[in-house]
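The next block holds one structure in the form of structure tokens; read it before the comments.
What follows draws every value from the coordinates through simple rules; no lab data is involved. Predicted, not measured: the structure shown is a model, and the values here were computed from it. Neighbour counts are summed over all protein chains in view; Cβ atoms, including those assigned to glycine, are modelled from backbone coordinates with ideal geometry.
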Amino acid sequence: MLDDVDLLVCGAGPVGCTIAERAAATLGWKVLVVERRPHVAGNCYDSIHSSGVRIHNYGPHYFRTNDEAVLRYLSRFTDWIPGNYVVKSLVNGRLLPFPINLTTLEQFFGCSLDTDAGRRLLDAKRQPIAQPANSEEMVLAKVGRELYEAFYLNYTLKQWGRHPRELAPSVCGRVPVRLNRDERYVDQRFQVMPKDGFTALFTRMLNHRKIRVLTRCDFREIQTLVKPRRATVYSGPIDAYFDHCLGRLPYRSLRFEFETEFVPYRQPCVQINYPNDHSWTRTVEIKHVTGQQHPHTVICYETPRSEGEPYYPVPAAAHQALYERYRDLAEVTTRRERVFFCGRLAQYRYFNTDEVIAEALQCFEKIKQLGSNSFLPSPTTTGRVPTSIAESSADCGRARARTEARRRRASSPRPTMA
Ligand SMILES: Cc1cc2nc3c(=O)[nH]c(=O)nc-3n(C[C@H](O)[C@H](O)[C@H](O)COP(=O)(O)OP(=O)(O)OC[C@H]3O[C@@H](n4cnc5c(N)ncnc54)[C@H](O)[C@@H]3O)c2cc1C
């Protein structure tokens, strides 16, 4: 198998599974997927906890989309149940609906409101900032200082380890503010959960006779052993691919702690945010959305941290600029070696699951155009590389050669065929 791989895929998350499935099912390509974790499904992974309760291991995943094509595509691999995504914030000792809606405004300001009165109230609170330059300004322009300090400021400090002033407007700006009583966490048209869970969904995608999956295997261990005939898809961190030769891209990590509670439900809804209390940002009782019938429940305490598994790219201008330098290298690598960079870590961008699957489907179309009629060209026959990129490329090439030599000297753990 290792001698006749058409497509090598790094990462068995949503991106890796989608591209592997498309390449095997529509082009008949032989695909090898390597995944360093012991399971597939990436951060969407769910599993049965020792208590018997299904959990989302890497934070709650609320599938929602306006993209019917993505929903139709995934529906080949799963049935759905309705998503019941309701979130409350603990503010001044009370659980208030979040995102902010009319009920939140009433309970926070202690008055009763209809839509017009709610709009007038917010108009009076808002700060006149025409073009918010950061997340603090964005929220002040939307809801004013009191709501900003109660719901956003400390939550953001905990979540990102940075002041909202240091973060792009979109970080806090994407949370809606509603002048109705809609309590749903998100606005998208389709809010659903895979009936048997995300792991089952992604496992079915990979269940094709032309796809092999190696878990507990780092891409870098296999990279020198497998030369794919058509292309490579890389969905790991882009800076790691280039041995961090331009510097490290910052990520925010999380600690997930799961506690069994010997009652059917502990919380009134799936998620409670703690903007001002505790070191954790939220508690999640995913049973509210999986719909599992079980006498016990599991609560996940989610605490942000700077070290550990990379979960969220940190959205700030300097990081974006560094990412763009890596992206230039990646573009050259795609042209020369047909390595396609796709996904949350490879594009250093926060994508929801539906968005990243749409990205993967687009990426597959590019791979198909480039790779379906020809085999990989020799690197020397590809286009001219601009000088600044060529210099960065040379530095990165040297860094990678050093790392590979080190890696060859070290003994590597045996990968597992899944
Ligand atoms: C805490 C949290 C909550 C989220 N909640 C939601 C939500 O509610 N709704 C929603 O739609 N989306 C949510 N998301 C986003 C969702 O997880 C992502 O959109 C999706 O997982 C991205 O898919 P991906 O394939 O790009 O990356 P990933 O899912 O991260 O998969 C990449 C895989 O590549 C593997 N990998 C990396 N480097 C290597 C290497 N060198 N060798 C081998 N394997 C490697 C990783 O182990 C990983 O399994 C959430 C994300 C997080 C972190």
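Taken one residue at a time, the phi angles of the stretch 33-39 give Karplus couplings (6.51, -1.76, 1.60, θ = phi - 60°) of 9, 10, 9, 7, 7, x, 8 Hz. Gly and Pro are set to x. At full extension, SER50 and GLU355 could sit 106.6 nm farther apart than now, given 0.36 nm per residue minus the alpha carbon distance.
Fully extending the segment from ARG305 to GLN320 would add 3.4 nm, taking 0.36 nm per residue of separation and subtracting the current Cα-Cα distance. Listed by chain and number, the lysines placed with their C-alpha closer than 24 angstrom to that of LYS368 are LYS30, LYS210, LYS227; residues fewer than eight positions away on the same chain are left out.
Percent of Cα pairs in the stretch 28-132 per distance bin of 5 Å, from zero to the largest separation: 2, 8, 10, 13, 13, 13, 12, 10, 9, 6, 3, 2, 1.
Please give me the summed charge of the neighbours of MET193: other residues whose Cβ is under 11 Å from its Cβ, Lys and Arg +1, Asp and Glu -1.
Details: positive: ARG54, ARG64, LYS195; negative: ASP46, ASP79, ASP196.
The answer is 0.
A simple rule links phi to the HN-Hα coupling: the Karplus curve 6.51 cos²θ - 1.76 cosθ + 1.60 with θ = phi - 60°, which for the stretch 228-241 gives x, 7, 10, 6, 10, 10, 10, 10, x, x, 5, 5, 5, 4 Hz, with x for Gly and Pro. Counting only Cα atoms, the size of the stretch 50-105 along its three principal axes is 45, 35, 17 Å, in decreasing order. Working note: Karplus 6.51/-1.76/1.60 with θ = phi - 60° gives the stretch 16-30 the couplings x, 5, 5, 5, 4, 4, 4, 5, 6, 6, 9, 10, x, 6, 7 Hz, where Gly and Pro are set to x.
Per DSSP H run of at least 4 residues, take -39500 (n - 2.57); add these up for the chain, divide by its residues and hand me the 222 nm value, nearest 500 deg cm²/dmol. Let's see the in-between values first.
Details: 14 runs with 145 residues, N = 418.
Helix-only estimate at 222 nm: -10500 deg cm²/dmol.
Based on Cα atoms of the stretch 90-243, Rg over Rh with Rh as the Kirkwood radius reads 1.16. Convex hull volume per residue, computed on the Cα atoms of the stretch 97-173, equals 83 Å³. Taking GLN191, GLN159, GLN292 in turn, the Gaussian network model of the chain (Cα-Cα springs below 10 Å) assigns the largest fluctuation to GLN292.
Calculated on the alpha-carbon coordinates, the convex hull of the stretch 195-344 measures out at 166 cubic angstrom per residue.
For the stretch 143-211, the C-alpha radius of gyration divided by 2.2 N^0.38 Å, with N the number of residues, is 1.71. Restriction of the chymotrypsin sites (Phe, Trp or Tyr not before Pro) in the stretch 259-347 to DSSP coil positions whose beta-carbon has at most 15 other beta-carbons within 10 angstrom yields PHE262, TYR265. Taking amide hydrogens as placed 1.01 Å from N in the peptide plane, the amide H of VAL233 sits under 5 Å from those of LEU8, VAL9, CYS10, PHE340, each at least 5 positions away in sequence or on another chain.
For a straight C-alpha distance cut-off of 26 angstrom, the lysines reachable from LYS142 (same-chain residues fewer than eight places away being disregarded) are LYS88, LYS125, LYS158. Counting every alpha-carbon pair across the chain, the share separated by more than 33 Å comes to 40%.
Can you pull out the GluC sites (Glu not before Pro) in the stretch 262-363 that DSSP calls coil and that have at most 12 other Cβ atoms within 10 Å? Don't skip to the answer; put the middle values down first.
Numbers: sites: GLU285, GLU302, GLU307, GLU324, GLU331, GLU337, GLU355, GLU359; in loops: GLU285, GLU307.
Sites meeting the loop and neighbour criteria: GLU307.
What's the local net charge at LYS368, with K and R +1, D and E -1, over the other residues with C-beta under 11 Å away?
Values: positive: ARG22, ARG230, LYS366; negative: GLU365.
Summing Lys/Arg as +1 and Asp/Glu as -1 gives +2.
Of the two radii for the stretch 195-266, the radius of gyration is 1.10 times the Kirkwood radius, both from the alpha carbons; that is the Rg over Rh value.
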